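The structure appears right after this line, and notes come after that.
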Amino acid sequence: MGFDNKFDPKLNRRDILKGSIAVVGAAAALGLPFSSALAKGFPDQNIKIYIPTRAGGGADRLNRAVTSVWKKYLKTNFENSFFPGAAGRVGYEKYMGLAKDDGHELLFGNMGPEVLNWVVKAPTFDLNKFKYFAQIDADPGVIFVSRKSKFKTIDDVIAAAKKKTLNVGVSRLAHPATLGVMALARQAGAKLNAIPLSGGKNTYAGVATGEMDLGALPSGGVIKRSKNFKILLMMSHKNPLPSKTENAPTLNDHFKMSMPSLVAGARAYGIKTSAISDHGANFRKLEETLKKTISDPEFKKAYQKTKAPWEYVRYRGPEEAAVYAKGIAQIGKEFKELLSGKKS
Amino acid sequence: MEMEYDFAFFGEMFFRTFSLWWVILPAIFLGLVVGAIPGFSAANTIIILLPMTLAMDPEIGLTFMVALYASSRMGAGIPAILVNIPGTAGAAATPLDGYPMTKNGRGQQALAMSFTASIAGGLLTTVIALFSLPWLSQIAYYLHSVEMIVIMFFGISLIATIAAKDTLKGLIAGFFGLMIGFIGTDVVYETPRGTFGFLELYDKVPLIPALVGLFAVSEAFAIIENRSIVSENGLSTMKKSSWAKTFEGVRIAGTKWWHIIWNSLIGLIIGVVPGAGAAIASFVAYQQSKTFSKTPELYGTGHVEGLIAPESANNGVTSGTLVPLLVIGIPGGATAAIMLVVLQFHGVTVGPDLFMTSPELAFGPFMAMAVTYALMIIMVLPLARYMSNITVVSTVYMAPIIIAFTLVGSFVPRAYLFDMNLALIFGVIGYVARKTGYHVAAILIGVILGPLMETYFLRALRMSEGDIMVIFSSSIGNTLWVFLIISMALPYIIEKRRNKDVTIVTND
């Protein structure tokens with residue numbers, strides 16, 4: 001240990017960097033043989049799922065429930081990669097830019113907010129090159145309050161919002177549940193101020209701690225937390241779960257409106273269209289096994305462990321998913337100025 | 001929330017948790033390792049190990065995750081002290097005084113002090129959290145966006161404190177950091193700003209590459225100018241490395257017991273607020289510590305209080321983040337969010353009812369944390385003597401290893417090659433800053449706290465429909481403003497009085 005502290009002229013920063021890159025390269029090369037699978041047929045390696053939101057969110061939980069059973073039918077494992085940022089935009093752009101199109105790489109996102117995001121600002125990729133092929137759930141948006149709130153009904157909210165502005169916590173502005181809030185404010189002449197809180201977790205926190213007067217999110221999470229929150233209004237045509245929502249009224253019935261059903265949670269698997277056209281057999285296998293997965297009692301068990309309502313789960317194919325995406329984009333265009341801040 | 005439990009219940013819980021030592025010990029070891037390597041945080045390690053924890057009994061899985069979480073927090077301080085590389089953003093304030101101690105050959109004592117402060121702070125806040133859950137959970141009801149803006153200012157004002165020796169350079173570095181922190185999409189309309197078209201910057205400048213670049217890569221560039229990290233004088237001190245030095249470190253930290261209590265409580269309170277975190281807590285603690293210190297001029301030179309403050313605060317945060325998760329079902333941070341996934345997978349609904357229906361799961365995480373900290377006393381403290389020897393390894397080996405490890409670490413959280421390049425760019429910025437007298441910590445404070453500050457500020461502005469006076473609209477916020485002004489003015493007043501006293505004495 002007894003050396004002097006002088007500069008060694010033989011070593012410069014370039015050498016240090018070269019040495020470091022060599023160490024990283026060697027480590028990567030050592031890892032390579034372990035990642036290549038030897039199995040034949042599709043899938044011959046793990047299936048990678050791109051999730052455009054953070055780990056621990058609704059999409060993560062639902063995807064884990066699905067893939068815990070789907071792997072049984074595909075006889076392979078799933079790798080989840082999370083690409084949060086810019087309301088899902090990063091995940092989709094990464095998927096379209098990086099993913100292989102042989103069926104081994106899929107995307108799992110929430111169609112509503114992500115399609116609305118494209119309405120506000122078009123993505124850099126061609127939308128015709130991406131397709132949702134399997135919608136797993138349809139969870140309507142709701143307006144809810146904390147159990148400690150002074151508001152007991154949606155009429156209490158509207159009466160108060162006619163006198164002063166109420167703050168409504170939302171996951172993000174470009175979200176079907178936010179559209180419901182905006183539509184309600186317009187119809188009832190109420191002053192409802194949507195505050196984007198960057199995700200459901202923060203929205204629950206905002207409403208629970210009283211910083212927000214009310215919140216608007218997909219109903220499943222609110223029902224799970226019904227000890228702390230009360231649903232005041234459903235954004236669907238009919239209330240699909242009257243017993244679990246204290247018979248909350250619907251937007252259209254209660255306010256004599258004709259809004260389309262605002263499904264705020266519409267989680268779906270997506271794929272590059274080139275994977276469908278160039279590797280049709282692989283795609284068909286994905287579709288068939290996913291259908292079996294959704295009707296498998298094991299999946300029901302895994303899903304129910306997340307405490308989300310099973311009634312919202314139903315397999316919908318590419319055509320139905322496309323109809324939903326088109327519908328939500330249409331409503332988004334109507335409110336585009338509000339969503340993009342060009343009008344307040 | 002009604003909770004009536006006696007000491008017998010907590011005693012039984014403690015021994016029940018202690019019987020899980022076979023889960024806790026490997027988790028501590030793993031936590032220390034992943035905490036010490038930048039990029040390998042507790043959150044992403046828990047994600048990687050999810051298949052394993054999901055397969056465990058929920059109580060065992062939760063104990064494993066909590067032990068890993070608590071020990072990773074302590075692990076992050078080790079490289080911060082020894083090689084000026086904070087393992088996580090929560091340890092970013094640790095090297096301010098920890099690393100100068102190492103350079104002076106007091107790395108072993110610094111580690112012992114840091115471990116003592118972390119263990120004592122963590123243990124204390126865990127016990128406090130355990131017995132005051134119903135009251136602690138109320139904090140989140142009072143600290144909203146407006147109040148958080150002021151708390152952010154406590155942290156950001158540290159830039160001015162750091163800049164005390166060269167105000168202009170310090171402020172330039174701080175503003176530069178804030179500008180970097182504002183890169184990314186805005187929190188209201190998701191509009192990208194200053195991203196130069198890079199998709200990888202849409203979700204803000206990633207913290208780990210910034211942290212790694214500014215501290216580790218620039219440090220690696222700098223240390224190759226010498227044969228070892230430790231100075232000439234320090235080397236002679238290092239040679240006399242002994243167990244006594246570890247005990248000396250523990251003793252010195254023990255004399256600062258009030259400091260540990262105060263700063264760990266700051267950590268606990270900030271930890272309870274969902275979305276706040278260890279980085280804010282450690283900067284706020286450092287700033288408060290310096291403000292009320294009798295020897296503020298020693299901060300930044302290897303001062304004991306400057307090391308103890310951030311370490312006890314960031315360990316105080318650990319138990320704080322579990323409070324909103326278990327009491328209101330809302331995770332206080334990323335690691336807590338992953339824990340929620342595991343609990344939900346097992347069909348456990350968190351919230352007030354959990355304390356009635358499954359008290360072993362509700363109180364279990366706090367007990368696991370207490371047992372973890374207790375076990376770390378015997379597991380970690382003896383390591384200080386051996387760990388400190390790393391600082392005398394020749395820089396010929398150290399520099400490439402630091403760069404290689406930290407570049408891999410900067411890649412891990414998002415798996416973007418872009419982040420490795422970003423770490424190198426920050427490394428060059430950090431190196432130039434060091435050579436030209438700009439403080440890298442001031443840049444980092446801006447990068448870490450800037451986006452959080454912006455989030456709370458924009459949220460408050462939107463809630464008030466654009467009224468800037470909203471920042472003075474809350475009585476708690478206004479009280480905090482007064483404290484902020486006092487804490488910023490106090491050092492100048494004290495110094496002025498001291499100078500006056502010195503002048504009087506000299507004249508006499």
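The values are calculated or read from the model by the stated rules, or taken from the named source; none is laboratory data. This one's a predicted model, so the numbers in the text were calculated from it and none came from an experiment. A quick note on method: Cβ atoms are made from the backbone with ideal geometry, for glycine too, and the neighbour counts reach across all protein chains shown.
Do you know which of the residues in the stretch B:168-192 that are of a type outside the set (Asp, Glu) and within 11 Å of chain A (Cβ to nearest Cβ) is surrounded by the most Cβ atoms within 10 Å (Cβ to Cβ)?
To start, the set of residues in the stretch B:168-192 that are of a type outside the set (Asp, Glu) comprises B:168-185, B:187-189, B:191-192.
Right, trim to within 11 Å of chain A (Cβ to nearest Cβ) and you get B:184-185, B:187-189, B:191-192.
Working: B:GLY184: 23, B:THR185: 20, B:VAL187: 20, B:VAL188: 18, B:TYR189: 18, B:THR191: 14, B:PRO192: 19.
Here the answer is B:GLY184.
Per the conditions (1) within 25 Å of A:ARG316 (Cβ to Cβ); (2) modelled with pLDDT of 95 or more, the sole criterion not satisfied by A:ILE154 is (1). Given the condition within 14 Å of another protein chain (Cβ to nearest Cβ), modelled with pLDDT of 95 or more and in contact with a Leu (Cβ under 7 Å, 6 or more places away or on another chain), answer yes or no: does some residue in the stretch A:68-76 qualify? Within the stretch A:68-76, none of the residues are within 14 Å of another protein chain (Cβ to nearest Cβ), modelled with pLDDT of 95 or more and in contact with a Leu (Cβ under 7 Å, 6 or more places away or on another chain). The residues of the stretch B:14-46 that are buried (at least 20 other Cβ atoms within 10 Å of the Cβ), in a helix (DSSP H, G or I) and hydrophobic (A, V, I, L, M, F, W, C), listed by number, are B:VAL23, B:ILE24, B:ALA27, B:ILE28, B:LEU30, B:LEU32, B:VAL34, B:ALA36, B:ALA42, B:ALA43, B:ILE46.
Given the residues B:MET113, B:MET152, B:MET148, which is the only one that is within 23 Å of B:ILE261 (Cα to Cα), under 19 Å from the mean Cα position of the chain (by Cα) and within 14 Å of chain A (Cβ to nearest Cβ)?
Working: B:MET113 fails: within 14 Å of chain A (Cβ to nearest Cβ); B:MET152 fails: within 14 Å of chain A (Cβ to nearest Cβ).
Matching residue, one of B:MET113, B:MET152, B:MET148: B:MET148.
Scanning for something surrounded by fewer than 24 Cβ atoms within 10 Å (Cβ to Cβ), in contact with an Asp or Glu (Cβ under 7 Å, 6 or more places away or on another chain) and in a helix (DSSP H, G or I), does the stretch B:58-66 turn up at least one residue? Among the residues of the stretch B:58-66, at least one is surrounded by fewer than 24 Cβ atoms within 10 Å (Cβ to Cβ), in contact with an Asp or Glu (Cβ under 7 Å, 6 or more places away or on another chain) and in a helix (DSSP H, G or I), which makes the answer yes.
Across the stretch A:232-263, what is the total count of residues that are among the hydrophobic types (A, V, I, L, M, F, W, C), in a loop (DSSP other than H, G, I, E, B) and modelled with pLDDT of 90 or more?
In the first step, residues of the stretch A:232-263 are kept if they are among the hydrophobic types (A, V, I, L, M, F, W, C); the result is A:232-235, A:241, A:248, A:251, A:255, A:257, A:259, A:262-263.
Next cut, in a loop (DSSP other than H, G, I, E, B) only: A:235, A:241, A:248, A:257, A:259, A:262.
Imposing the further condition that a residue be modelled with pLDDT of 90 or more reduces the set to A:235, A:241, A:248.
Number of matching residues: 3.
Taking the stretch A:192-210 as the range and being over 13 Å from B:THR455 (Cβ atoms) and either in contact with a His (Cβ under 6 Å, 6 or more places away or on another chain) or not aliphatic (A, V, I, L, M) (or both) as the test, the residues that pass are A:ASN193, A:GLY200, A:LYS201, A:THR203, A:TYR204, A:THR209, A:GLY210. Just one of the listed residues (A:MET111, A:MET96) is within 13 Å of chain B (Cβ to nearest Cβ) and either at pLDDT below 95 or buried (at least 19 other Cβ atoms within 10 Å of the Cβ) (or both), and it is A:MET96. Checked against (1) modelled with pLDDT under 95; (2) under 22 Å from the mean Cα position of the chain (by Cα); (3) of a type outside the set (A, V, I, L, M), A:GLY169 meets all criteria but (1). Annotation for the stretch B:156-167: no member residue is out of contact with any His (no Cβ under 6 Å at 6 or more places or on another chain), surrounded by 22 or more Cβ atoms within 10 Å (Cβ to Cβ) and small (Gly, Ala, Ser).
Could you please find all residues in the stretch B:269-300 being closer than 18 Å to B:GLU495 by Cα, touching a residue at least 40 places away in the same chain (Cβ under 8 Å) and not in a helix (DSSP H, G or I)?
Of all residues in the stretch B:269-300, those closer than 18 Å to B:GLU495 by Cα come to B:287-300.
When the remaining residues are screened for being touching a residue at least 40 places away in the same chain (Cβ under 8 Å), the result is B:287-288, B:290-292, B:296, B:299-300.
Correct list: B:PHE292, B:TYR299, B:GLY300.
Restricting the stretch A:122-146 to residues that are surrounded by fewer than 17 Cβ atoms within 10 Å (Cβ to Cβ) and within 14 Å of chain B (Cβ to nearest Cβ), the residue that is nearest to A:SER277 (Cα to Cα) is A:PHE125. Considering (1) in a helix (DSSP H, G or I); (2) in contact (Cβ under 8 Å) with a residue 60 or more places away in the chain; (3) away from chain A (no Cβ under 11 Å), the lone condition that B:TYR438 does not fulfil carries the number (1). Of the residues making up the stretch A:214-235, those that are away from chain B (no Cβ under 11 Å) and of a type in the set (Gly, Ala, Ser) are A:GLY215, A:ALA216, A:SER219, A:GLY220. For the stretch B:308-317, the criterion of being farther than 25 Å from B:ALA36 by Cβ, of a type in the set (Val, Ile, Thr) and in contact (Cβ under 8 Å) with a residue 60 or more places away in the chain is met by none of the residues. Of everything listed in (1) touching a helix residue (DSSP H, G or I) at 6+ places or on another chain (Cβ under 9 Å); (2) over 28 Å from A:SER226 (Cα atoms), the single unmet condition for A:ALA302 is (2). Please work out which one of (1) in a helix (DSSP H, G or I); (2) closer than 30 Å to B:GLU200 by Cβ; (3) more than 14 Å from chain A (Cβ to nearest Cβ); (4) at pLDDT 85 or above is the condition B:VAL428 fails and give its number. Answer for B:VAL428: the failing condition is (3).
Could you look through the stretch A:52-83, keep only residues that are more than 19 Å from the chain's Cα centre (by Cα) and polar (S, T, N, Q), and pick out the one that is nearest to A:SER171 (Cα to Cα)? Break it down into steps so the answer makes sense when it comes.
Residues of the stretch A:52-83 that are more than 19 Å from the chain's Cα centre (by Cα), as a first pass: A:69-77.
Among the residues that remain, those that are also polar (S, T, N, Q) are: A:76-77.
Numbers: A:THR76: 34, A:ASN77: 31 Å.
Here the residue is A:ASN77.
Name the residue that is surrounded by the fewest Cβ atoms within 10 Å (Cβ to Cβ), counting only residues in the stretch B:194-221 that are within 11 Å of another protein chain (Cβ to nearest Cβ) and without any contact (Cβ under 8 Å) to a residue 12 or more places away in the chain. Checking each candidate, the answer is B:GLY197.
Scanning the stretch B:133-142 for residues that are in contact with a helix residue (DSSP H, G or I) (Cβ under 8 Å, 6 or more places away or on another chain) and either under 15 Å from B:MET463 (Cα atoms) or more than 10 Å from chain A (Cβ to nearest Cβ) (or both) yields B:LEU133, B:PRO134, B:LEU136. Screening A:HIS175 with (1) within 14 Å of chain B (Cβ to nearest Cβ); (2) surrounded by fewer than 24 Cβ atoms within 10 Å (Cβ to Cβ); (3) out of contact with any strand residue (DSSP E or B) (no Cβ under 6 Å at 6 or more places or on another chain) gives one miss only, at (2).
So which of A:ALA37, A:ALA27 ends up being out of contact with any Gly (no Cβ under 8 Å at 6 or more places or on another chain), loosely packed, with under 14 Cβ neighbours inside 10 Å and either at pLDDT 90 or above or at the interface with another protein chain (Cβ under 9 Å from one of its Cβ atoms) (or both)? Full working, then the answer.
On the way: A:ALA37 fails: either at pLDDT 90 or above or at the interface with another protein chain (Cβ under 9 Å from one of its Cβ atoms) (or both).
The unique qualifying residue is A:ALA27.
Residues to consider are B:ALA399, B:ALA415; find the one that is small (Gly, Ala, Ser), within 11 Å of chain A (Cβ to nearest Cβ) and not in a helix (DSSP H, G or I).
Working: B:ALA399 fails: not in a helix (DSSP H, G or I).
B:ALA415 is the lone residue from the list that is small (Gly, Ala, Ser), within 11 Å of chain A (Cβ to nearest Cβ) and not in a helix (DSSP H, G or I).
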